[in-house]
Amino acid sequence: MPPAETLALYMENRDELLKYAARIVRDRASAEDIVQEAWLRFSDRLQQDGEVNQPLSYLYTIVRNLALNLVRRAAMQSKVVVAVPEIENVVHDTPSAEQVLYYKDELKAMADAVAELPERTQIAFRLYKIEGRLLHEIAARLDISVPRAHQLVKEAGLHAARRLLGDERSPK
């Protein structure tokens with residue numbers, strides 16, 4: 001599907017996509033973010049694969065998944081932690097010392113990989129992955145466009161993944 005046709009498809013259905021997302025997340029601003037992110041993911045997929053069967057359905061699926069993820073994340077953040085009196089002999093899912101060391105090493109490798117990237121890319125990655133900021137917030141903070149913020153986060157994630165998998169290619 002040529003880029004002009006995909007953009008036309010998106011623009012023709014943008015309002016309906018916004019309504020759809022807003023019904024799920026119950027917030028117009030969040031729906032705007034979701035639809036923007038969906039467009040970025042949709043266009044990335046088209047660039048990679050060249051063609052998508054039923055592009056409108058695929059776009060709605062992306063919007064639905066992003067909206068549901070946002071709702072789940074909000075539900076997890078709003079959970080209240082209740083103090084429980086100490087109970088003896090309670091089985092905990094505490095990781096073993098070996099697991100703790102393994103994950104510390106993984107975290108260190110991830111931090112080292114991200115540290116190799118330009119400062120702006122590091123900031124975008126930290127804001128998105130660690131602080132859970134939305135792309136439009138990152139774009140505003142870094143004074144860049146939302147697609148550029150998405151690109152920075154994606155580049156950082158790919159670079160870190162390559163490093164964790166042992167690929168020694170330098171950052172783009």
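The values are calculated or read from the model by the stated rules, or taken from the named source; none is laboratory data. Because the structure is a prediction, the values reported are computed rather than measured. Cβ sites come from the backbone with ideal geometry, for glycine too, and all protein chains shown count toward neighbours.
When Leu164, Leu135 are checked against the criterion of being buried (at least 16 other Cβ atoms within 10 Å of the Cβ) and either among the basic types (Lys, Arg) or in contact with a helix residue (DSSP H, G or I) (Cβ under 8 Å, 6 or more places away or on another chain) (or both), a single residue qualifies: Leu135.
Within the stretch 117-131, identify whether any single residue is under 16 Å from the mean Cα position of the chain (by Cα), closer than 26 Å to Ile24 by Cα and either at pLDDT below 80 or not in a helix (DSSP H, G or I) (or both), and answer yes or no. Show your work before the answer.
Of the stretch 117-131, the ones under 16 Å from the mean Cα position of the chain (by Cα) are 121-131.
Still in the list and also closer than 26 Å to Ile24 by Cα: 127-131.
Remaining after also requiring either at pLDDT below 80 or not in a helix (DSSP H, G or I) (or both): 131.
Yes, there is a match, as at least one residue in the stretch 117-131 is under 16 Å from the mean Cα position of the chain (by Cα), closer than 26 Å to Ile24 by Cα and either at pLDDT below 80 or not in a helix (DSSP H, G or I) (or both).
Is it the case that some residue within the stretch 104-114 is assigned by TED's automatic domain parsing to the domain that holds Glu131 and either modelled with pLDDT under 80 or part of a loop (DSSP other than H, G, I, E, B) (or both)? So that I can check it myself, show each step before the final result.
As a first pass, look at the stretch 104-114 and keep what is assigned by TED's automatic domain parsing to the domain that holds Glu131: 104-114.
If we keep only those that are either modelled with pLDDT under 80 or part of a loop (DSSP other than H, G, I, E, B) (or both) too, we end up with none.
No: the stretch 104-114 contains no residue that is assigned by TED's automatic domain parsing to the domain that holds Glu131 and either modelled with pLDDT under 80 or part of a loop (DSSP other than H, G, I, E, B) (or both).
Tell me whether the stretch 2-9 contains one or more residues that are in contact (Cβ under 8 Å) with a residue 24 or more places away in the chain and small (Gly, Ala, Ser). No - not one qualifying residue is present in the stretch 2-9.
Residues that are free of Cβ contacts under 8 Å to residues at least 40 places away in the same chain and surrounded by fewer than 15 Cβ atoms within 10 Å (Cβ to Cβ) do not occur anywhere in the stretch 121-129.
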